[in-house]
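*Asks:* Would you mind keeping the following structure in view while I ask a few things?
Taken together, the values in this text are just the output of simple stated rules run on the coordinates, not laboratory data. The shown structure was predicted, so the numbers you read here are calculated from the model rather than taken from an experiment. Heads up, the Cβs are rebuilt from the backbone with ideal geometry, glycines too, and the neighbour counts pull from every protein chain shown.
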Amino acid sequence: MKLSRANLSVREVASRNEQIPALNRVHVCPDGTTVAGNERMLMAVSPVHEEMASRLPVVGDYEDISPPEDGLGISLDTAHEAEKTLPRDRRTILQQAQITRCDDEVVELMTTNGVKAHTAVGMPMRGRFPSTWKSEVVSSALKATRGRICVNGKELLRIVGAMMKACPDKGDFNATFIEFGSDADGIVMRGHNGETGQDAIAVLNPIDTGGFWPGRSEWEKGLGGKVKKRVRVAGCG
């Protein structure tokens, strides 16, 4: 089974609390979906497309291994190591890791630059990732009817990063208040610096999609449940 850089990226939202091993991992589902989360957030990435997975160069003789029926728990260190060994070459076919071993003792992920293979090895995570994650995704989608907006992801990261520097917090919690009107009005973020008594406000303008909005993919539909059609709100598409 192939795991892309996108699949491995879910580790960014995983719990860093080793006392909660069920969440301190990247969970790989039997179909190749990866999911991770903590008490406040969750992220899932669909399997690598079959056509793209078949084009991944293989170095040596490796059996195509799939996770067990209840999924596979990969430690964050192993996922990080595999991601680090992905080549700088940005060709999509090289931005994937292959599961080359998966048993009770070892999880092994292989990456390659097309000539030489690299492996990331770790112990499989014990226990199980919460089975309720799919229902949580579906439930959130059902309730996401207030509005919608499209922004540049890179600009969003920059402005959130700047807000975190302006209004830092010594702990893991940092309150950022987000407001938005119609899909043409952008978003406003507000924060407060408790140490200096300063306030910060940031505005990010939206992208005009021309009315386009992505629908539910077959993968998302397969998570279960039905998402109601969005109610049209004044100013929202």
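*Asks:* For the stretch 19-32, what does the Karplus curve 6.51 cos²θ - 1.76 cosθ + 1.60, with θ = phi - 60°, yield as ³J(HN,Hα) per residue in whole Hz, taken in order and with x for Gly and Pro?
*Replies:* For the stretch 19-32, the Karplus-derived couplings read 7, 10, x, 4, 10, 8, 6, 9, 9, 10, 7, x, 8, x Hz, x marking Gly and Pro.
*Asks:* Take the alpha carbon atoms of the chain, find their radius of gyration, then divide it by 2.2 N^0.38 Å using N residues; give the quotient. Write out the running numbers ahead of the final one.
*Replies:* Values: Rg = 20.3 Å, N = 237, 2.2 N^0.38 = 17.6 Å.
It is 1.15.
*Asks:* With +1 on each Lys and Arg Cβ and -1 on each Asp and Glu Cβ, and nothing else charged, work out how big the dipole of the stretch 149-212 is about its Cα centre, in Debye to the nearest 20. Mind dumping the intermediate values first?
*Replies:* Working: 5 positive and 9 negative charges, 46 e Å.
The calculated dipole for the stretch 149-212 is roughly 220 debye.
*Asks:* Additional query: If r is the Cβ-Cβ distance from Trp219 to Asp169 and R0 is 41 Å, what FRET efficiency results, to the nearest 0.05?
*Replies:* Details: r = 36 Å, r/R0 = 0.87.
Approximately 0.70, to the nearest 0.05.
*Asks:* So what's the stretch 149-212 giving for Rg/Rh, alpha carbon basis, Kirkwood Rh from the mean inverse pair distance?
*Replies:* Numbers: Rg = 13.2 Å, Rh = 12.7 Å.
When Rh is taken as the Kirkwood radius, the ratio is 1.04.
*Asks:* Towards the positive end of the charge dipole of the chain, with charges on Cβ (+1 Lys, Arg; -1 Asp, Glu), say which of Thr34, Ala166, Val107 has the farthest Cα.
*Replies:* With unit charges placed on the Cβ atoms, the residue in question is Ala166.
*Asks:* Let me ask something additional. If the elastic network links every pair of Cα atoms under 10 Å, which of Asp77, Asp199, Asp103 fluctuates the most in the Gaussian network model of the chain?
*Replies:* Asp199
*Asks:* What is the magnitude of the charge dipole of the chain about its Cα centre, with +1 placed on the Cβ of each Lys and Arg, -1 on the Cβ of each Asp and Glu, and no other charges, expressed in debye to the nearest 20? Don't jump to the answer; show the numbers that get you there.
*Replies:* Details: 31 positive and 31 negative charges, 183 e Å.
In total the dipole reaches around 880 debye.
*Asks:* Separate question: Residues with beta-carbon under 13 Å from that of Lys165, excluding Lys165: net charge, scoring Lys, Arg +1 and Asp, Glu -1?
*Replies:* Values: positive: Arg158; negative: Asp169, Glu195.
Once all neighbours under 13 Å are counted, the net charge is -1.
*Asks:* For the chain, set up a GNM with springs between Cα atoms under 10 Å and report which of Pro168, Pro130, Pro47 has the largest fluctuation.
*Replies:* It is Pro168.
*Asks:* Can you work out the Karplus-derived ³J(HN,Hα) for every residue in the stretch 126-135? Use 6.51 cos²θ - 1.76 cosθ + 1.60 with θ = phi - 60°, whole Hz, and x for glycine or proline.
*Replies:* Whole-Hz 3J(HN,Hα) from phi for the stretch 126-135: 7, x, 10, 5, x, 6, 7, 4, 5, 5.
*Asks:* Please work out how many pairs of lysine residues in the chain are eight or more positions apart (or on different chains) and have Cα atoms closer than 26 angstrom.
*Replies:* Taking the chain as the scope, the lysine pair count is 18.
*Asks:* Mean-square fluctuation check for the chain, GNM, Cα pairs under 10 Å: which of Asp31, Asp64, Asp172 is largest?
*Replies:* Comparing Asp31, Asp64, Asp172 in the GNM, the peak value goes to Asp172.
*Asks:* Here's another thing I want to ask about it. I'd like to know which of Asn193, Met125, Ser182 lies farthest towards the positive end of the charge dipole of the stretch 114-195, counting +1 on Cβ of Lys and Arg and -1 on Cβ of Asp and Glu.
*Replies:* Met125
*Asks:* Here is a further query. Considering every pair of different Cα atoms, what Kirkwood radius, in Å, is found for the stretch 2-131? Could you put the intermediate results ahead of the total?
*Replies:* Numbers: mean 1/r = 0.0688 Å⁻¹.
When all Cα pairs of the stretch 2-131 are included, the Kirkwood radius is 14.5 Å.
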